[in-house]
1. Measure nothing but the geometry: give the 0 to 90° angle between the long axis through the Cα atoms of 22-33 and the longest principal axis through the Cα atoms of the chain, rounded to 10°.
2. Sticking with the crude label model, points 7 Å out along Cα→Cβ, report the distance from GLU75 to LYS165 in nm, one decimal please.
3. How much of the DSSP beta bridge set in the chain is antiparallel, as a percent to the nearest 5?
4. Looking only at ALA184, ALA140, ALA58, which one moves most when the chain is put into a Gaussian network model with springs between Cα atoms under 10 Å?
5. Just to confirm my numbers, what's the Cα centroid distance between region 88-121 and region 139-212 in Å?
6. Using a probe of 1.4 angstrom, how much of the accessible area of region 142-212 is carbon and sulfur, in percent?
7. If I take every Cα pair under 8 Å that is 6 or more residues apart in the chain, average their sequence separation and divide by the length, what percent do I get for the relative contact order?
8. Computed FRET efficiency, Cβ-Cβ of ASP87 and GLU142, R0 22 Å: what is it to the nearest 0.05?
Amino acid sequence: MQYTYFSHRHAFELLEYNSEFQADWFTLKSVLDGLSDEKLIEYFNRHSQGKNKSLSVAINRVLKDELMALGWREESPIFQDPNYEGDTWRLDFAKGKIAVEVAFNHGEAVAWNLIKPNLSGELNHVNKAIQTDIGIVITATENLRRSGGFDGAVGTYEKFLTYLKPMRQMLTVPMLIIGLESPATFRMKHESSVKGKLGVIEQIEATYDLTR
């Protein structure tokens, strides 16, 4: 699976060239580079077939299984204070100085998906459980939203980028926004069932230029 990215406050340069982040960034990048169509189909058939209409669960499960196998911590709390527990105050993944959010939820959550890694990276009056220095948000591009069966209201990579400019003074922590692109060999189509719309894998036939 191909992906694109936007570097907020020089996040990409820090991840690529600063030894404090390189090792953990390279493990995350290896997982993203390994998101093959075959792997997504396998995970969809195993975890989502007959249950979900999009690739969101399949992608989340691949990332969870492979990042945890590489030593990343899942659902890492940001704060120690018991008044700030639960999903609202957790990162999806963290390792070393890097905080990661996987954001396939409603567009109304875009701002909060950006704020959480920022909270993790800033000093705070509430005692911290983790102190990171850089954030990564992984989300779907508009292309993947359409081909991957996602709901029309999902917050996409393109929408995340529109939030960065007005929130620049608030988002003081370097952040890399990663947009996952469409699979090359298949797309999701929806079929009606008693459970509502469900996703079905539809292979895309290869086309050849016969004029060559």
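1. Relative to the chain, helix 22-33 is tipped by roughly 20 degrees.
2. In this crude label model, GLU75 to LYS165 measures out at 3.9 nm.
3. Beta bridges within the chain, antiparallel portion: roughly 65 percent.
4. In the Gaussian network model the winner is ALA184.
5. A separation of 19 Å, based on Cα centres.
6. Details: 2310 of 4430 Å².
Within region 142-212, the accessible surface is 52 percent carbon and sulfur.
7. Averaging sequence separation for qualifying contacts and normalising by length gives 25 percent for the chain.
8. Efficiency for this residue pair is about 0.25.
The values are calculated or read from the model by the stated rules, or taken from the named source; none is laboratory data. Bear in mind that the values here come from a model prediction, so they are computed numbers and not experimental data. FYI the Cβ positions are ideal-geometry reconstructions off the backbone, even for glycines, and counts take in every protein chain you see. Please note that ligands, DNA and RNA were not included when accessible areas were found on the heavy atoms of the full protein model with its side chains. Shrake-Rupley method; radii C 1.70, N 1.55, O 1.52, S 1.80 Å.
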